[in-house]
Structures are given as C-alpha cells and as structure tokens.
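Quick one: structure below, then a few questions.
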C-alpha cells in the first residue's frame, strides 16, 4: 500500500506538471500569435489589421481600438497620433480574433515644406482589462512602416479577391470576383496643361441630313467645342477632323511644321460648315483613320466621336480561305489558300439585304445576301470590327469620348459605352437640347490633368482554367491570353487627391486549386511620361466547400433624371438631384450535405462619397467613422437557412442626394456583414455600381436663360430654345471675376440686386458674387469711397469695382458733363479707372458687352464735383503814400475752380480800406489786407502794406563827427550819431553797418538799433549804408573812424597796425 501510494502521488505530480506545461505552452503560443500589419497607405487613407490569441472557440483577448502614430522620418518632434476603432472580422479556425482599422488621413499628415516627404507609421493596439482600464496590448510593425508622400500626381493600386475562397459546384465553374483598386496620390494646385492631340470624328451619313435642324445642331455643337479649345489652347496642341459616312472624306489633318493653333481650329470650323450628309455609317474606318494621326506617345490623345446611328459599313481584315489555280485545261491545278484579306460589309435599311465584298489579290468580289439571319450575323461582324479598333485605341492610350446623337432606336448606347470604356473614355446620349453641353464636357475632360493607362491580367499560365468574360470594364486580346482594363483618372486643379477607383472583374474557375494572379499596372503621368510598371499579386483558393458568403449587384438609378445628369436647382434639393442605390443580394456557398446552419443579422454597409448624403428611411442608419460617412441598411427578422443558399435573394434601396456639383463620382464598394450560425461574424463585399454620379447646379432666369455651375467651380450661361440649347458664355480658371477651384453647391440671385448679381456658394460654404452688369465705385485720391449722387470737393476717380463674369467681356465708358463737349463712348481697359476732371454735375456710365452681360450692360453713377480753390497768389506794392490807391492782383489756383467768389478785409480801416481788391491808403501805418475764398475751402492770402506820408527821397547821410573815441569794452549807439539829409526824408533807415577791423571794433545790431563794440586797442573805419538807394541805384553811405583806447592812454599812442 505504501508503495502504491507513492506511485499514485508521483503520477499525480507528473500529471500536474504535464498539465502545467501544457497550459503554459498554450499561453506562450497565444502570446506568440499577437501580430499586426499595415496593408494600405495613401494620401487619404491608412488601413491595417491585427490578430489576438484565442482559446480555440473565438474567446480571446479583445482589441478595442488602435492608435496610429505618424512622424516625419528624422523628426521625432513631428509625431501626431490618431485614434480609430477596431472592427472585428471573422475568427479563423484556430479561434484567433482578427481586427481591422481604416483611418481617413485627408489633411492630417504632419506638415512640411518638402515636395516629397517620408513618413514613419507605428500602430498601437489597445485592449480593455477586466477592471475596465485601457491597456496597451502591443505595437506593430517592429520596424516603422515608411510611406513617401509625393505631392506630384502618381498612381498605386491594390488587387484582391472578393473572398479568400470560392466553391466549385460539381457540374459548374466556381464564380469569383477580382477587385482592382486604383489609388491616385498627390494633387495639382496649379493648372497643368501639356500639349494634347484631339481628333473630331463626325458622322455625316444620310440620316444626319434627314432633318436640317439636326445636322445644323451637330455642326453648332462641334463648333462650340472648337471655341472652347481656342479659349483654352496650348500653342502646341494639335487638332484634326475626320468626317465619315460610308467612307472617310474631307479630312483635316494635324498641322505640321510651324502653325497657329487658333487658325487651324478656325479651318476645322470652316470645314464643318461645308459638310454635307449622305451615305452609310462606317465606325471602323473612321476610328482607324483617326488613330493613324496619333504619332506622339507622350501626348494625351483623345477622339471625340459623334454618330447618329448604328454602324452599317465596315472594312477590316478577316481570315479568308479561297482557291488558287494555276495552268489551263487538263494541266490546271487548284489549291486552297488561307490568308488575312480586307472584307467589307454594307448593311441596307430593310434589315435583310447586305453586301459582302472580299478584296482578293486578283480583284474584289461582291456577294449580295437577302436574309435576316445573314444580316444579323454580318451586323455582329461589323460590331466586332469596331470593338477590335476600340481595343487597339485602349492599348495606345487613346481615349474615346462617344456621343450617340439620337433615340434608343437610332443609336445603340450600350455598344458606344462599351467602345468608350475599352479606352478609358465615356459615352453620352445626345439630343439637340444637350449636344452642345456634351461637347463642352468632353472638351473640358480633354484639358483636365489626367493619369491614363492599362491594367494587364495575364491568363496564359492558368492553361485555360481561368476565364474572364469581357464586359464594360475589361476586354481580352485576340488569343484570350491577357485581360486588359483601360482607365483614366482626372485631377481637378486645387481640389486635392481624387478618390480611389474600384473595378470589379468577374472570374470563372474551371478547376479546383490555388490561383495566384500577377496583375500589372502601366500608366502615363499628367505630362504624358510613361511610368515604371507596377506588379501586385492576389491569391485565391478554389475548393469543394466554403463558408457561405453574399454575392450581388449594385445599380444606381436617378429618380427623375439619369444619375449621370442630376441637376440641383438654385439652393433647393428635390428628386432632380436625388437617386437610388438598388442592391440585390444572394447568399451563396457549398457547405456539404447534411450541414445545417443559417445566416442572420444581415446588413449592407455603404460608404458614401464626399458630397453624398442619405435621405432618411426605415431600417437605414447613418454614422461616421474616421471622417467617412456610412449608411447601414438592416434586414430585420431575416434569416437565410443553409438550404436556401444559391437561391434566396434579398433586395434593398437606399435613397441618396448629391449636395454639390460632381462629375464621374463612383459609389464606393459596399460591404455585407452577417452572422453565420456555424462560422460566426463574417463579411462580403459587393461589386461597385457601374453607373457614375454627375451633377450640376442650375439657376433659372425667366424666360429661357439658365446658369450652370460645375465641379471645377466654373459657371456657364445657356439659352434654351424649343429644339436646341445654345451656349452663351463661359468662365475659366484663372479669372478676374472671383470664381474658385471648388465644386459649386448652390447658385442664387442676390436679394435686392434686380437679379443682376449671382451668389455662388461652394462646397465649403465660401461665397463669391458674380456680376451680370458692371459694378462702379467712386473714390477719392486717398482711396475713400464716395456714394453716387454726392457732392465732392476734391478730384475723384470712378472705378470698375466688379467685373462682369465670363470670358470675352469688353467695356466702354461715357462721361456726360455740360462743360465736356465730347460725351461719346470710349474703350475702358485695365485698371478700369475714369478720372473726373471737369467740375459740375457729371453722369458716368460704363457699358459691358460679352460674357454674362445682362440687358444693355450699362451701369451709371453721378456726382457733383465742386472744384475748390487751393491757393490765392497776390501781387501788390508793399508801400503806399497817404492818399494813394492800388488794386491788388489775385491769381486763383486752380484757375478753373468752380466758385471763384472772394471776400476782402482790412485789419485797420483807419490806415487803409479795401473793396474787391482796391486799396485806399488813408493815414501812415501798417495794415494787413486779406482775401478769403468763399467756396468752403477757407483759403486766404494777406498783403502787408505800409502807408506813409508823401515820399521824400533821401539824398545823403553823414556822421556828426569824423572820429569817434571809445575805450575798451565800451558800446556806443550809432543811430543817434548819423544825420539824414534832408532831415524829413521818408526813409531814414540804416540797412547795414560794416567795420573794416572787427577785431578792434565790432558792429552789433540789437533791439532795432546799430552799435559799435570796442574790442581791443586800435581803430577801424565804420561805414553806414542807408536802406534807400540814391540816384542811379547807388548806395547812400558815410564812414567814421572809431578809435579804441585804454582809459589811461593818451591819444596818439600807437601799438601796431591799426593800433596807437
């Protein structure tokens, strides 16, 4: 027993230790499984994931949030931190919990002046402990993720499958989806306008001439595009015209050598005027002819293609087998030969008759068939010819913008859209009402900065086990060895980075296995420079059974207008700028026989583009996360049993509203979240809707004018007639009438402006006013504003303070004033100022023509200019005898002052009086005669006059003694020692006194008297000069010898020169 007990105890210890080691091993294993990664970094988004260890049943540590830390490499002080929620995704079979995050980075990157900057990114994963305290769980990656943000436009891309696994039915193909996401980077803040090549391909078939107005509308619309390019041309742009019907004729080719692009565009417009309509419709030859013109791979290349019918003529290479014979009679030998020959098809309007012409080496041979079945077969061949040409255009980065000018019976818009999408272009259905607008839109797209290129998906390595079916997004080469996607991504100047573009490609898998797709992206930048090819891979597994998922579709449908042609009127929302997103979901999957389960808690989560909001409805919840708005559509009380897989379909609608102008906006990929009773929380993604959202803002003006604002921030003016719509005026960037490079949110007439000012509100609520008539202001020289109708007393200028919106505006002005003889209209140019130089009442008018000018385009202000006196200048005699009179002459400055009225006054009327400048001297004395302007300027001038008795001229002066003795330091007054002869002379003033030896005798003048100051022993000759002149204008003067001596010194003692 004792031994047995010891064994049991030992076994217990061993089992305990094994258990401890086992538990410890699991803990260590769990800790080792903490992991995370950053999957996507763009200028606008950072995305990533993290996993946490579990217990095999999905119960493990829960990550609640992530902190994304970003810093400029080498600058630790630049770090910024952003918190984002953790989103749990389905756990794997080991129970590891997986979380993802998505952070909107628009405008959040640390700022730097560098053009290209490298950022370092670290993510902290946080969890919440049992006590509710937040805890830093772990950080990743171990080495900071580096991202180079280049402001220069560039392109990256991601490639992934909609599900990691697809199930192959026993008797069918596995159906999957490859999702390509093109990720633009950088932005364009100033206009980029490299040279472009544009070919107008213009249908002149007989159907165009069935209505003279229809053909004329088409010509006018094309010429409006010519006018647009003239106004926005690069001097090195090249343009061509390819008119076509059964064949191509009257071509205007690209210019060569030195050329004037404006003149060349005029030549195209003149040729368009001369075109005549007849014949069939040959898409193939017309597009092939256009393609031949493009010989510069670096240029952006565009074809603007107008047709009013389906293709009825085509000539292309086909493989033809025919018999070749040699020799004659019995020596004749025949053999079959197969080669590519030109084959032409012509369809006739009866729907049965078709000609097939084969161009053999020996000559052509035409066969006529009269069969509706043959007709349809040959019609499809014609369409295939067109598709092959479009593929070739796409491979050469030539974008095709197509216009189907007619109704759905006349044109096949699906076919035109397919041709255009193969090149990265678009197609629009035109009417006489909107044709000009479409040409304008395509012309603007051609001048937008743009990235263009192709995505190549090689298929040869799959040995036929992978099939991609051509659709509007993807096309195959002739051997079906490669699939291609052509794309263009326009940049709006000043509007940041374009959003990512999602492209969904259906893929069929013939066999089970693991498939890795190596996808290649090639593109040219906005300057046409070819960029290095980027290759990325995606792997998917095809097997018998996979967990359930959702497949489906999303389509956009306008409520009252097509989703690509929404209109917001003024500042009001209505069904014209609203649309529906229509969802169709099917639960799919093969889970094996006898496996039970269900799907519930089904939701569609739809991210919304900027500017799109949700119209509230039941079962729809709207929320925001990291700057992105989401609409969540719930399917309450809906459960799908496994037995309903591949058959049960759910549908839902989401009503959306476009709030500002936009162009070609894609609704982002939607996610379906659901709970699988067997596999837990799961998600699936839906393909993007093929329709793009476009909207303009329109302001109506009675009776037939409207203004339209677009996503570039520009406004155009239109006139709607019964059968057509005419473009009246356009705007452009940059401009001097205030328009910004932002999408327009609303257009309204400014209250109390008589509908002469349009208020433009942009997406950021910034407001600009557009003037339909000139706006005038009156300003003084120091810039102070003056109201119209005012009286001004200084020079002013009338200035054009508000230019009329639109291109091609010119101005004239007219000044009406009774003092101005010429009141004709004269040209007014920058700086648009009119100096007002004539006084009195003036009416100043400015007239605008062109652009958005409304009515007569005349704006008027008035003012009364009272030209004030600025200075009074007097001429007069300063001395008058008693009893004399004089008239003071006054000069008024300026001499054309409006009011020259003056008033005269005398400071002492007992000395002199004044009347209108006439002065009478009454008695001796000094008097101030003052004149003052009465025009309000208060300008004065004063004449000081001395009135004396009748004038007695001075004949001479003399000192009363010839020698004057003074002692050192003595100061003697001289005035009393001078005699004036005659003694009653009128002017007895001494002008100056001079000393010949100032070192001995110094002359002083103080208190109105003259003195001599004895400085040192010696003598000096002191000369006095009278103020009045003598005869012959000679000085009147006399001298005295001044002797300086000591008080004790006897006269005659001489100590040196001038010394005694």
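The values are calculated or read from the model by the stated rules, or taken from the named source; none is laboratory data. Just so you know, these numbers come straight off a predicted model, no measurement behind them. Ideal geometry is used to build each Cβ from the backbone, glycine not excepted, and the neighbour counts take in all protein chains shown.
Among the residues that make up the range 231-252, is at least one of them in a helix (DSSP H, G or I) and more than 21 Å from residue 397 (Cβ to Cβ)?
yes
Of all residues in the range 215-244 being in contact (Cβ under 8 Å) with a residue 60 or more places away in the chain and within 14 Å of residue 203 (Cβ to Cβ), which is surrounded by the most Cβ atoms within 10 Å (Cβ to Cβ)?
Going through the qualifying residues, I end up with 218.
While we're looking at this one, here's another question. Kindly indicate whether any position in the range 569-585 is buried (at least 17 other Cβ atoms within 10 Å of the Cβ), in contact with a helix residue (DSSP H, G or I) (Cβ under 7 Å, 6 or more places away or on another chain) and more than 30 Å from residue 434 (Cα to Cα).
Checked the range 569-585: no residue is buried (at least 17 other Cβ atoms within 10 Å of the Cβ), in contact with a helix residue (DSSP H, G or I) (Cβ under 7 Å, 6 or more places away or on another chain) and more than 30 Å from residue 434 (Cα to Cα).
Under 20 Å from residue 474 (Cβ atoms), free of Cβ contacts under 8 Å to residues at least 60 places away in the same chain, touching a strand residue (DSSP E or B) at 6+ places or on another chain (Cβ under 6 Å) and buried (at least 16 other Cβ atoms within 10 Å of the Cβ) - does that describe any residue in the range 517-538?
No; the residues of the range 517-538 include none that is under 20 Å from residue 474 (Cβ atoms), free of Cβ contacts under 8 Å to residues at least 60 places away in the same chain, touching a strand residue (DSSP E or B) at 6+ places or on another chain (Cβ under 6 Å) and buried (at least 16 other Cβ atoms within 10 Å of the Cβ).
Looking at 847, 819 in this structure, which one is loosely packed, with under 14 Cβ neighbours inside 10 Å and in contact with a strand residue (DSSP E or B) (Cβ under 7 Å, 6 or more places away or on another chain)?
Values: 847 fails: loosely packed, with under 14 Cβ neighbours inside 10 Å.
The conditions single out 819.
With farther than 20 Å from residue 670 by Cα and modelled with pLDDT under 90 as the only criterion, which of 104, 173, 92 stands out?
It is 92.
Give, as residue ranges, the strands (runs of 3 or more DSSP E) completely inside the range 88-181 that count at least 2 residues that are in contact with a strand residue (DSSP E or B) (Cβ under 7 Å, 6 or more places away or on another chain) and farther than 25 Å from residue 552 by Cα.
97-104, 116-128, 134-150, 154-161
A follow-up question, please. Scan the range 25-58 for residues that are in a loop (DSSP other than H, G, I, E, B) and at pLDDT 50 or above and jot them down.
33, 34, 42, 43, 44, 53, 54, listed by residue number.
Among 602, 612, which is the only one that is modelled with pLDDT of 95 or more and under 27 Å from residue 692 (Cβ atoms)?
After ruling out the rest, the residue left standing is 612.
Filter the range 892-934 down to the residues that are within 60 Å of the chain's Cα centre (by Cα) and part of a strand (DSSP E or B), then identify the one that is surrounded by the fewest Cβ atoms within 10 Å (Cβ to Cβ).
Of everything passing the filter in the range 892-934, 893 is surrounded by the fewest Cβ atoms within 10 Å (Cβ to Cβ).
Hey, residue 444 hits all of (1) over 25 Å from residue 310 (Cα atoms); (2) modelled with pLDDT of 90 or more; (3) assigned to a helix (DSSP H, G or I) but one; which does it fall short on?
(2)
Given the criteria under 30 Å from residue 344 (Cα atoms), without any contact (Cβ under 8 Å) to a residue 24 or more places away in the chain and out of contact with any helix residue (DSSP H, G or I) (no Cβ under 6 Å at 6 or more places or on another chain), does residue 292 qualify?
In short, yes.
Residue 893 - would you say it is closer than 30 Å to residue 717 by Cβ and either free of Cβ contacts under 8 Å to residues at least 24 places away in the same chain or out of contact with any helix residue (DSSP H, G or I) (no Cβ under 6 Å at 6 or more places or on another chain) (or both)?
For residue 893, the condition - closer than 30 Å to residue 717 by Cβ and either free of Cβ contacts under 8 Å to residues at least 24 places away in the same chain or out of contact with any helix residue (DSSP H, G or I) (no Cβ under 6 Å at 6 or more places or on another chain) (or both) - is not met.
Return the pairs, sorted by first residue and then second, in which the second residue is part of a loop (DSSP other than H, G, I, E, B), the first residue lies in the range 257-272 and is closer than 15 Å to residue 204 by Cβ, the beta carbons are less than 8 Å apart, and the residues are 6+ apart or on different chains.
Close Cβ pairs satisfying both conditions: 271/250.
Would it be correct to say that residue 551 is surrounded by fewer than 17 Cβ atoms within 10 Å (Cβ to Cβ), under 23 Å from residue 675 (Cβ atoms) and touching a residue at least 40 places away in the same chain (Cβ under 8 Å)?
Here the answer is no, as residue 551 does not meet what is asked.
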